[in-house]
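Asks: First the structure, which I've put down as structure tokens, then a few questions once you've had a look.
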Amino acid sequence: MDKVRFRIDGIEIEAPPGTMVLEAALDHGIFVPHYCFHRALSVAGNCRMCMVEVRLPGRDGKLEPARKPSIACATEVAEGMEVLTTTPLVTEARKGVLEFLLINHPLDCPVCDQAGECDLQDFSYEFGEAFSRFREDKLIKHTKDFGPEVRFYGNRCINCTRCVRFTQEIAGSCDLVQVQRGGHNVIDLAPGRVFDHPLSGNVVDICPVGALVSRDMLHRVRVWHLERTPSICPHCATGCNIEIHTQDEVVHRLKPRHNPEVNGYWMCDFGRLGYKHIHAPQRLLEHRWQPRDRAEGGRLGFQSVIELVAEAIRTAGPEGTWALASAWLTNEELWLFRRLFGTEQVALIARPPWQERRFYPVWGDSERNPSLPRQRERGRLLEDGATFMIAADRNPNRTGAERILGEQACAPARLDAFVNAALAGQVRCAVVLASMPDYLPPEPLAQALAAVPETVVVDLADGPLAGAATIVIAGAAWAEKRGTFTNGRGRTQRLEMARPTPGQARTELEVLHALGTQLGRPMGPCSPRRLFGELVGEVAAFAGLSWEGVHHQAPEWSPHMAAQPRRLPVLSPAALVRQRGGGAG
Amino acid sequence: MKAPEHPSPAGLVGPAQTSAAAGAAASGAAGEPAAHGAAEGEPDEEPESEPPPGRSWVERLYLREIASGLARTFRHLVLERPFTTDYPDEQLPYNPRARGEHILKVDEQGREKCVACLLCEAACPSKCIRIVVGPSPWPDRERYPVEFEIDMLRCIYCGYCEDACPCDAIELTPKPYSVYDNREAYIYDKEKLKNNYPQDWRERFSGGYGKLTGPPYRGEGGDRSLIR
């Protein structure tokens, strides 16, 4: 297909026909402020913020300026077009639009959770005025909880309808609608509905102002305190790219990170709220020895507990030792696990799949979203036209385990073999690396673990698994380790450490490395990066990957931000003086 | 002293090398102000203690000057009130706009005005403010500080918190810095901050504790009417 050649601010740009000016500008690092436009949603063109000046060539080939500025989000590019984004007319238009948007907006910034990542704040600072000429009473609109995850503040809303379009086009549930007319226009629930869709948390992300805020994080932190760590959501095999937001080593929220090939701009609410177990009060903070006869036991240091485990493994011998890995271990940990325990007397434990099938996949309404065919064309849509996919498998790394330990080792039959061997008294020592939240072992497995004389359990929290153990080692949650997960589609992605392990807890990598060293095996370095290098060399399914390559670097988590670095305003002293003068006058 | 007219060889060489020797030479030559020369040891310096020419020895006793100086001393001792105060029994008031310890202001119903926006915490250069935010128990606002602590040992009394506050909830009063014998006492909690500026302090300034209505600062000597 021929490309259209045109210019934005004097820069020559080529884009496929049908592209909007705003998209082309953002793709080429020219920032145009916008509220209602979102790349994954249809174009509404109602915020009027992305005004630009457009000049088209006339019959004689000369550029003819349009009489009025146009909105860049709904203007298609054309051959020979000249777009200007910084002219005095554009600046004046933006100021006017912002003044209108702020007419009914309350001065809520001190108590608003969006403050600090609010487009209204940013653009007012960058493009707006510091004063308002509006002297009449502001309109008061409703505040209510739309659903378990979302609270709506009508006063702060600028009616960009991103959330309405999201529920129509991506979630497909049409839960949110616009009601009333004119100045009284406000977002509301559709009659008789509750906004409890599994993707509901995403409207908080796409809301450019503080109208839709997360009830989970309501009033908890101010966003400027948050540190952001790129990571992978572990709660299903989709492997959504996320960011972990922490303050003082406490995880406060998870946000989706844009990856067009995995999760687009979205993540589901199960993943979004799936950080609570990290700070659960039942979290294991120290290692324990609790022999079956309860004759002795108590807390242990890390080295002592490793010596104890090594002694148990030596006593049991290779025939009497079984090891269970969970599908929540990283590939590096699984590789170390395989080097230590082989692939014969090992089995995989995993969380059972979702019980309620209605959660997956999510189909948007492709008739209502004209941009869906366009997204499919660019490979932004998942198969079958689904806008989002929540995998049935609630484990992040089953594929990685199957690749490293082998299909047979991960089959349920192997776990049954362990259970039978344990109940027959052939297993003298079982090592279980679980570190899964919300894991209830099935009844036969719990009985088998209780029947083994020495059961070593590495886990996150006190529970049935730790209760069946004789030696309990405090393990690390996914946010506390570095490594890679391989998602259900076979895509290997990296997660980063967002916080250190609490108390005495150690990552499974450290546990396995120390155990191997104690058993006298040559272990080599204990670095995820080096182990991944070994993995790439040894396992065919990982061949060709590199530690740097598996890290998808989306520069911005924020879905309403352009993926390109934003042009920051350069303020000269003269500009400051001009601004002051403008503000006073 | 003849050093200026006839510089000694030591004086030409320089002070760092031969200051002791030059001092000895000067004292030998000048006789009477020997102590000065030996003590200062600056060979190039003009001696200041040499009397101007044309004064008699009676004048050089300076009796009249000593008498007038002592008269002034005794006049101040007897007739004038002292300029100093008997701190800490007697304290000069600070400028009403001085920045002392904080107060957390309350509304008519005794509820703190603070909405826990954490802007003071963000503005604080010494990171001495710690706030725990919670949902407010009152219907007219959403959030309020469950805990509000200021570490007065870390505070540098810059007043940025007061500038940042959008609700006029925090204010620096002229109350000077308190003294305690343990560190814990310097961490002021919410209750202490709410009651940090007691009534007798407010009455000390005619316009209550509002800063702009307080009496102007009197400058040197202080406003004695305020000392009690």
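The values are calculated or read from the model by the stated rules, or taken from the named source; none is laboratory data. Note that the structure is a prediction, hence the values are computed from the model and not measured. Every residue, glycine as well, gets a Cβ built from its backbone with ideal geometry; the counts of neighbours run over all protein chains shown. Side chains included, ligands, DNA and RNA excluded: accessible areas come from the protein's heavy atoms. Shrake-Rupley method; radii C 1.70, N 1.55, O 1.52, S 1.80 Å.
Asks: I need the full set of residues from the stretch A:145-192 which are free of Cβ contacts under 8 Å to residues at least 40 places away in the same chain and either loosely packed, with under 13 Cβ neighbours inside 10 Å or hydrophobic (A, V, I, L, M, F, W, C) (or both), in order please.
Replies: A:Val164, A:Leu176, A:Val177, A:Val179, A:Gln180, A:Arg181, A:Gly182, A:Ile187, A:Ala190, A:Pro191, A:Gly192
Asks: Can you find, within the stretch A:221-231, the residue that is farthest from the other protein chains (Cβ to nearest Cβ) among those that are surrounded by 15 or more Cβ atoms within 10 Å (Cβ to Cβ) and within 14 Å of B:Leu118 (Cα to Cα)?
Replies: A:Leu226
Asks: Another question, then. Within the bounds of the stretch B:107-125, is there any residue that is in contact with a helix residue (DSSP H, G or I) (Cβ under 8 Å, 6 or more places away or on another chain), in a loop (DSSP other than H, G, I, E, B), of a type in the set (Val, Ile, Thr) and closer than 23 Å to A:Leu226 by Cβ?
Replies: yes
Asks: Here is a further query. Identify all residues within the stretch B:123-141 that are touching a Lys or Arg at 6+ places or on another chain (Cβ under 7 Å), crowded, with 16+ Cβ neighbours inside 10 Å and either aliphatic (A, V, I, L, M) or more than 10 Å from every other protein chain (Cβ to nearest Cβ) (or both); write none if there are none.
Replies: B:Cys128, B:Val133
Asks: Would you pick out the residues in the stretch A:9-31 that are open to solvent by 30 Å² or more (accessible area, probe 1.4 Å) and not small (Gly, Ala, Ser)?
Replies: A:Asp9, A:Ile11, A:Glu12, A:Glu14, A:Pro16, A:Pro17, A:Met20, A:Asp27, A:His28
Asks: I'm trying to understand the selection: among the residues of the stretch A:471-507, which are of a type in the set (Asp, Glu) and open to solvent by 20 Å² or more (accessible area, probe 1.4 Å)?
Replies: A:Glu496
Asks: Sort through A:Leu212, A:Leu176 and tell me the only one that's modelled with pLDDT of 90 or more, more than 20 Å from the chain's Cα centre (by Cα) and away from chain B (no Cβ under 14 Å).
Replies: After applying the criteria, what remains is A:Leu176.
Asks: Given the condition more than 14 Å from every other protein chain (Cβ to nearest Cβ), of a type in the set (A, V, I, L, M, F, W, C), open to solvent by 20 Å² or more (accessible area, probe 1.4 Å) and in a loop (DSSP other than H, G, I, E, B), answer yes or no: does some residue in the stretch A:82-100 qualify?
Replies: Checked the stretch A:82-100: no residue is more than 14 Å from every other protein chain (Cβ to nearest Cβ), of a type in the set (A, V, I, L, M, F, W, C), open to solvent by 20 Å² or more (accessible area, probe 1.4 Å) and in a loop (DSSP other than H, G, I, E, B).
Asks: So, one more: Scan (1) more than 14 Å from chain A (Cβ to nearest Cβ); (2) among the small types (Gly, Ala, Ser); (3) in a loop (DSSP other than H, G, I, E, B); (4) over 16 Å from B:Cys158 (Cα atoms) for the single condition B:Gly100 breaks and write down its number.
Replies: So the condition that B:Gly100 fails would be (4).
Asks: Still on this structure, please answer the following. Looking at the stretch B:156-171, which of its residues are open to solvent by 50 Å² or more (accessible area, probe 1.4 Å) and within 14 Å of chain A (Cβ to nearest Cβ)?
Replies: Once the filter is applied, which keeps residues that are open to solvent by 50 Å² or more (accessible area, probe 1.4 Å) and within 14 Å of chain A (Cβ to nearest Cβ), the stretch B:156-171 yields B:Asp163, B:Pro166, B:Asp168.
Asks: Right, here's the next one. Can you name the residue in the stretch A:537-548 that is at pLDDT 90 or above and either open to solvent by 40 Å² or more (accessible area, probe 1.4 Å) or out of contact with any Lys or Arg (no Cβ under 7 Å at 6 or more places or on another chain) (or both) and is also farthest from A:Ser326 (Cα to Cα) among such residues?
Replies: Filtering first and then ranking leaves A:Gly537.
Asks: Okay, moving on. Check A:Leu336, A:Leu372 and return the single one that is open to solvent by less than 10 Å² (accessible area, probe 1.4 Å), at pLDDT below 60 and touching a helix residue (DSSP H, G or I) at 6+ places or on another chain (Cβ under 8 Å).
Replies: A:Leu372
Asks: Between a residue in the stretch A:437-448 that is without any contact (Cβ under 8 Å) to a residue 60 or more places away in the chain and any residue that is β-branched (Val, Ile, Thr), which pairs come within a Cβ distance under 6 Å, given they are 6 or more apart or on different chains?
Replies: Filtered contacts from the stretch A:437-448: A:Pro444/A:Val419; A:Ala448/A:Val419.
Asks: Got at least one residue in the stretch B:143-155 being open to solvent by less than 30 Å² (accessible area, probe 1.4 Å), among the aliphatic types (A, V, I, L, M), in contact (Cβ under 8 Å) with a residue 12 or more places away in the chain and within 14 Å of chain A (Cβ to nearest Cβ)?
Replies: no
Asks: May I ask you to verify whether A:Asp188 is acidic (Asp, Glu), closer than 30 Å to B:Ala123 by Cα and either within 14 Å of chain B (Cβ to nearest Cβ) or not in a loop (DSSP other than H, G, I, E, B) (or both)?
Replies: no
Asks: Just a yes or no: is a residue in the stretch A:508-521 at pLDDT below 95, open to solvent by 20 Å² or more (accessible area, probe 1.4 Å) and part of a strand (DSSP E or B)?
Replies: No, the conditions are met nowhere in the stretch A:508-521.
Asks: Can you confirm whether A:Leu107 is open to solvent by 40 Å² or more (accessible area, probe 1.4 Å) and within 14 Å of another protein chain (Cβ to nearest Cβ)?
Replies: yes
Asks: Could you tell me whether the stretch A:134-153 includes any residue that is modelled with pLDDT of 90 or more, within 14 Å of another protein chain (Cβ to nearest Cβ) and under 30 Å from A:Gly10 (Cα atoms)?
Replies: no
Asks: Within the stretch A:67-76, is even one residue without any contact (Cβ under 8 Å) to a residue 12 or more places away in the chain, open to solvent by 50 Å² or more (accessible area, probe 1.4 Å) and closer than 29 Å to A:Arg5 by Cβ?
Replies: yes
Asks: Please tell me if A:Asn241 is farther than 26 Å from A:Arg283 by Cα and either away from chain B (no Cβ under 14 Å) or under 13 Å from the mean Cα position of the chain (by Cα) (or both).
Replies: It is false that A:Asn241 is farther than 26 Å from A:Arg283 by Cα and either away from chain B (no Cβ under 14 Å) or under 13 Å from the mean Cα position of the chain (by Cα) (or both).
Asks: Quick check: is even one residue across the stretch A:247-257 open to solvent by 30 Å² or more (accessible area, probe 1.4 Å) and basic (Lys, Arg)?
Replies: So far as the stretch A:247-257 goes, no, none of its residues is open to solvent by 30 Å² or more (accessible area, probe 1.4 Å) and basic (Lys, Arg).
Matching residues to (1) surrounded by fewer than 23 Cβ atoms within 10 Å (Cβ to Cβ); (2) modelled with pLDDT of 90 or more:
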{"site": "A:Arg299", "(1), (2)": "yes, yes"}
{"site": "A:Glu307", "(1), (2)": "yes, yes"}
{"site": "A:Gly317", "(1), (2)": "yes, yes"}
{"site": "A:Leu329", "(1), (2)": "no, yes"}
{"site": "A:Gly342", "(1), (2)": "yes, yes"}
{"site": "A:Val346", "(1), (2)": "no, yes"}
{"site": "A:Pro352", "(1), (2)": "yes, no"}
{"site": "A:Gln355", "(1), (2)": "yes, no"}
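The rows are residues; the columns are (1) within 19 Å of A:Phe127 (Cβ to Cβ); (2) open to solvent by 10 Å² or more (accessible area, probe 1.4 Å); (3) in contact (Cβ under 8 Å) with a residue 40 or more places away in the chain.
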{"site": "A:Pro33", "(1), (2), (3)": "yes, no, yes"}
{"site": "A:Ser42", "(1), (2), (3)": "no, yes, yes"}
{"site": "A:Cys50", "(1), (2), (3)": "yes, no, no"}
{"site": "A:Arg55", "(1), (2), (3)": "no, yes, no"}
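Asks: For the stretch B:108-117, check the following and say yes or no: at least one residue is free of Cβ contacts under 8 Å to residues at least 60 places away in the same chain, among the acidic types (Asp, Glu), within 14 Å of chain A (Cβ to nearest Cβ) and surrounded by fewer than 20 Cβ atoms within 10 Å (Cβ to Cβ).
Replies: No: zero hits.
Asks: Under 9 Å by Cβ, and 6 or more places apart or on different chains, what pairs join a residue from the stretch B:158-173 that is closer than 16 Å to B:Ala116 by Cβ with one that is open to solvent by 40 Å² or more (accessible area, probe 1.4 Å) and in a strand (DSSP E or B)?
Replies: B:Ala169/B:Val106
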